[in-house]
Amino acid sequence: MTATTDDTTHSHVHVAQAAQPAAQAHGQQHPIKLYLLVWGLLFVLSACSYLVDYFDFQGYLRWFLIIVFMLLKAGLIVAVFMHMAWERLALVVAILLPPLAVLVLMAMMAWEGDYTNYLRVIFFGA
């Protein structure tokens, strides 16, 4: 009875070991076309951010456009070149949530700093 159990166990191990190289060879491979497309998009977005300076946009429009192009480029890099687009949602949230929390806290600190400056101007006159 033990001999048959050992034989079936070994046969399952051999099947599993034989399947591993096939799975590793198949793997998660993305076509080169995707990477070239993203590279092209990054080039176009970089050109657009340089055009913001070339056309001499000023004020909030300038900063808005620069930040939009920057975030689009960062998102493409993270999604495709760092393979986040193909990861589990839990991993994506675990990686992207802390920087988002830092940005929210920075915005809250900036708002609080403006409020403190406003109160100093009102009460101290300078």
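FYI, it's all coordinate maths here, none of it is from the lab. Please read these numbers as outputs of a predicted model, since none were measured by experiment.
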>> How much length would be gained if the chain were fully extended between residue 54 and residue 42, taking 0.36 nm per residue of separation minus their Cα-Cα distance, in nm to one decimal?
In response: 2.5 nm
>> Whole angstrom only: what separates the Cα centroid of the stretch 38-52 from the Cα centroid of the stretch 81-102?
In response: 24
> Distances over 18 Å make up what percent of all Cα-Cα pairs in the stretch 50-126?
Replying inline: 65
> Stretch residue 83-residue 102 to full length: gain in nm at 0.36 nm per residue minus the Cα-Cα span?
Replying inline: 4.6 nm
